[in-house]
Amino acid sequence: MGFEEATPIQEKAIPIAMQGLDLIGQAQTGTGKTAAFAIPMIENIEDQQAQIQAIVLTPTRELAVQVAEEINKIAQYKQVRALPIYGGQDINRQIRALKKKPQIIVATPGRFMDHMRRKTIRLNAIKMVVLDEADEMLNMGFIEDIQLILSEIPADKQTLLFSATMPKQIQELAKNFMNEPEVIKIKTKEVTVPSVEQHYIEMREKQKFDVLCRLLDIQSPELAIVFGRTKRRVDELSEALNKRGYSAEGIHGDLSQAKRDSVLRRFKEGTIEVLVATDVAARGLDISGVTHVYNFDIPQDPESYVHRIGRTGRAGKMGLAITFVTSREIDLLRLIERVTKRKLERRSIPTLAEAIEGQQRLVIEKIFNVIENDDLLKYKAVAEQLLEEVDSVKIISAAIKLLTKEPNTEPIKLTAESPIRLKNKKHESKNKSIRVKNKRKRGKKK
């Protein structure tokens, strides 16, 4: 599969998991944790037993599909098979697939509960349970479902929990359902993305869309992901980009599974150049070739930031991530810089002239590409006739003008997003204490 050496999470987790011990792994997306639990899981499964022996719970459909694919790749030379189970897919189709006796189920909590109630999934032979991205499942309101699922599974099971953060409810879950778990922490510095150039641009909220269009014109990304904070924002942005002549599609939790699959397939094929996504919809997406990430809305926490920019700069190639920030969000930007131990480079707002120049450069590249690769013989006679009547520089200038997508300045109004309040209470209380001290100092001076 191309594995040469273990990532830090794999190096620490695999020996513990192989011993059958419970494990808490604190690590972000992109650290190789799927293989960290999949390898011991496959090794410990008795492949001659045609019954469910392990389950993996994930927050989203996309992640369930991706994890199941990864497990099946690792298990391809053993008689072990993983089946993804998620909402949005026909349940009868899943029941038929379950009759083929997979040993591993990768599921979203809601749909897993449906199968538990229908008794189409039997829990009596389960030896291992993995909770993947537990904090994200908590954010999505699955914690009660997870508690119920864990209480139904035999008590002598092995439990592995992976989470980027460890909020109190996740700690409680571990305390109630895990047996003296070993704890592994992978520090943030190991998961920030060194192969991604990181910039930010400060602007007013109403400038964001025009700035995005100018950047797309100047940088002409092969494949770009634009992150928006809400489903509504994603819909408005993708519609506005299409009105401006860009090939864009949105992806978020309200889309049907068939629509999401279609959008992702077209994006991977390159027929869509810009994918607009929410954090939840993009979590776990394994898309290669993304050259640019634009944070249209700044993410609400540093973990989400690391996850977003990790979509680019893969397979040894450099990527570029640009974050849009309003003046009231600068504190949040500084928090991201402190946690990721990386200073973002400030950039100025690109000018209209730079956008036009970028478009012209792209057109010239296309012309050279046609000259080098296409048969132009049938156009030669027309070209020679034109040259007899008009100066060659004028002809080329007119061609560039026709092919250049003139920046559209037609105003497009997006719904204003409410400003983010910092979730970090320590940060808030620290600011409060500073204000109190300043008041005391002023009082003493008086």
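Summary of computed values
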item: Value of relative contact order over segment 198-304, rounded to a whole percent, pairs C-alpha under 8 Å and six or more apart; result: 38 percent
item: Segment 235-309: chymotrypsin sites (Phe, Trp or Tyr not before Pro) in DSSP coil with no more than 14 other Cβ atoms inside 10 Å; result: none
item: Coarse-grained scattering of segment 94-150 at q = 0.13, 0.20, 0.27, 0.29 Å⁻¹, given as base-10 log I(q)/I(0) from a Debye sum over alpha-carbon atoms; result: -0.34, -0.79, -1.29, -1.40
item: Fewest-first ranking of 276, 393, 339, using other Cβ atoms within 10 Å as the exposure measure; result: 393, 339, 276
item: Per-bin percent of Cα-Cα distances, segment 233-281 [5 Å]; result: 5, 24, 32, 27, 11, 1
item: Approximate shape of segment 8-190 as ellipsoid semi-axes (Cα gyration tensor, √5λ), whole Å, largest first; result: 23, 19, 16
item: Contact order normalised by residue count of segment 8-190, Cα under 8 Å, 6+ apart, percent; result: 32 percent
item: Percent RCO, i.e. relative contact order, over segment 1-82, from Cα pairs under 8 Å lying at least 6 residues apart; result: 28 percent
item: Segment 171-255: GluC sites (Glu not before Pro) falling in loop per DSSP and having at most 16 other Cβ within 10 Å; result: 222
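Computed from the coordinates by the stated procedures, all read-outs in this text should not be read as laboratory data. Here the structure is a predicted model, which is why all the values come from computation and not from measurement. Neighbour counts run over all protein chains shown; Cβ positions are idealised from the backbone, glycine included.
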